[in-house]
């Protein structure tokens, strides 16, 4: 090559040292922000670094200092606006504290979650925030812990992993939402969730490995039983992972002879498909079917009727979990904390008495 | 410590070599997947690695091979479902080709975009996909190029950066959407976009540094002028970056004596705020105001009336840009490509003749 400015080789600490006429060790101390040097030397080195357009090699730096200034995040499904609000809470909080965020998406698949954790640990993030897709297999999360990096859990607790965790009051939220339906007279109520396993049919709470889902279903079933509903678990439906799956599940529910008079949806992606299908079948909300969903997604307030929702403070959840993590990153030593953030119910127009009944 | 299993030190190549009774160089060749060894030796080393639960140090590996198996992505706003669909297209395509994806969010801020690019380069991603927030300042993108890493642009072209680029036909899409409005008789049409700068008011196309936005506004203005509208740029509004800002802009538009009879929204986050505000003011869509938005967001089909949209194939956009990048990562040498993916218009119920006029 005849070109005298090499295209790829970057400016090194040695180059800066030479330019500033100091030792490489001294230049490294200034550029790395550690050790003690005189103000004059610091100024010389920084001026040389600027003149040469020196860029720290982040990778080499992280090997030296052990700190990358980066928080790694693994969320379940970035297309779900619950998570995108949580991620904004994380990003805003991290940025304000001088951290960058890199994000990976597990698609609620445990293998993808493990791969994501491996990538982030490999990339030497300082700490991780994870929404664990299930509680059976936590070896990869133990690995984070063992590697000495702080880990905090978002939205879902793991009974076997004692780390900082921020969730909402899932059980209580489901109870209040279900009670709105039973109080107005509903006795055939379906619960539809994305969590999946072979068969899609409920066999027992112990089969549900996602804490938030188990707690919601516990709450749902408890209130149903309290209202005298026999075997309410008949109407718990799993596997609404994608629009097509949700439509198939809803289709079966709406075609049954004992069609539910109300549906509680576990997230807003599920609820919008249910809402569309109800309308496509010429049924009315709430006259024919009442509908409540978790998450105050933007669309829920603009439909006719607008939808009653469990409002989960997703942004706040992201903010709280990041604050806990950053306190650990700054060296705070304390027992792990479990923070539960309360939800509220926003009553709109999608709940009515079951058809054929007046209360 | 009395514990005989060290908590933090990880198993090294040297440990595996010792266990497998081979040299460290041989173990490194097997574990690194390079060089030639006999099948017997390979099996011994892999068995030893498994027995010791050896995990490759991704960071050290990337320094050795120069490949991390990771694609870095910088998107404008992950809360915008256009981008979350594009990210799913990217992730699915990357995963199918054996790559992991790490994601950062610029919030459409150039400084955050630069920081994100620095982080990803520092983390030695193999290549980057970026939705550049503006075209004025591309030094950080040139740096990627200079570092020898492939770069591909998503959704927005940069005139000064000749790299693989996948966009939609923004100008044409805006023309078709605007023509629907002018054909039915609208002569006072507002265009609302998130792109911001001091003053919020249009002064000329040259002030718009985001290619997709400039092309849309070009298309919008061209069709308006063709329909005989004088100074249509009076109704171009910038800075609808967040719900509050969009509401303020819409409020001003709706309060003006020459209130627009139709609004074209540049994304679905803007459109939903406009739709809510129109209803809050007791106005009707489309009787009082017609509304078209870019992006077939989930909510647009469930409102009353459902909203006419420019359907952008976001998933396909993500897929196409990732395929181009991966071909480069695999060593393909070719001139850069500019792929333009066509959009379509889904006509629903939010467009009508302007009030007081019949066509």
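The values are calculated or read from the model by the stated rules, or taken from the named source; none is laboratory data. Small disclaimer: the values here were computed from a predicted structure and weren't measured. Cβ atoms come from the backbone with ideal geometry, glycine included; neighbour counts cover every protein chain shown.
The table below lists the values:
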read-out: Options B:180, B:189, B:121: the member that is surrounded by fewer than 24 Cβ atoms within 10 Å (Cβ to Cβ), more than 22 Å from residue B:242 (Cβ to Cβ), at pLDDT 95 or above and more than 14 Å from the chain's Cα centre (by Cα); value: B:180
read-out: Test: residue in segment A:301-313 that is assigned to a helix (DSSP H, G or I) and either touching a helix residue (DSSP H, G or I) at 6+ places or on another chain (Cβ under 8 Å) or more than 28 Å from residue B:307 (Cβ to Cβ) (or both); value: yes
read-out: Subset of segment A:119-146 (residues that are touching a helix residue (DSSP H, G or I) at 6+ places or on another chain (Cβ under 9 Å), in a loop (DSSP other than H, G, I, E, B) and farther than 18 Å from residue B:100 by Cβ); value: A:126, A:132, A:134, A:135, A:136, A:137
read-out: Selection count, segment B:168-177, where residues are within 16 Å of residue B:317 (Cβ to Cβ) and crowded, with 22+ Cβ neighbours inside 10 Å; value: 3
read-out: Residue within segment B:282-300 that is in a helix (DSSP H, G or I) and modelled with pLDDT of 95 or more present; value: yes
read-out: Residues located in segment B:78-118, provided they are touching a residue at least 40 places away in the same chain (Cβ under 8 Å), out of contact with any helix residue (DSSP H, G or I) (no Cβ under 6 Å at 6 or more places or on another chain) and more than 8 Å from chain A (Cβ to nearest Cβ); value: B:83, B:92, B:99, B:108
read-out: Residues within segment B:206-250 that are at positive phi and in contact with a helix residue (DSSP H, G or I) (Cβ under 8 Å, 6 or more places away or on another chain), tallied; value: 1
read-out: Selection count, segment A:197-244, where residues are surrounded by 19 or more Cβ atoms within 10 Å (Cβ to Cβ) and part of a helix (DSSP H, G or I); value: 14
read-out: Unique match (being at pLDDT below 80, crowded, with 20+ Cβ neighbours inside 10 Å and either within 10 Å of chain B (Cβ to nearest Cβ) or over 30 Å from residue A:315 (Cβ atoms) (or both)) among A:30, A:36; value: A:30
read-out: Qualifying residue in segment A:265-275 (condition: under 23 Å from residue A:343 (Cβ atoms) and more than 14 Å from chain B (Cβ to nearest Cβ)); value: yes
read-out: Residue list for segment A:147-170, filter: touching a strand residue (DSSP E or B) at 6+ places or on another chain (Cβ under 8 Å) and in a loop (DSSP other than H, G, I, E, B); value: A:149, A:150, A:155, A:156, A:157, A:158, A:161, A:163, A:169
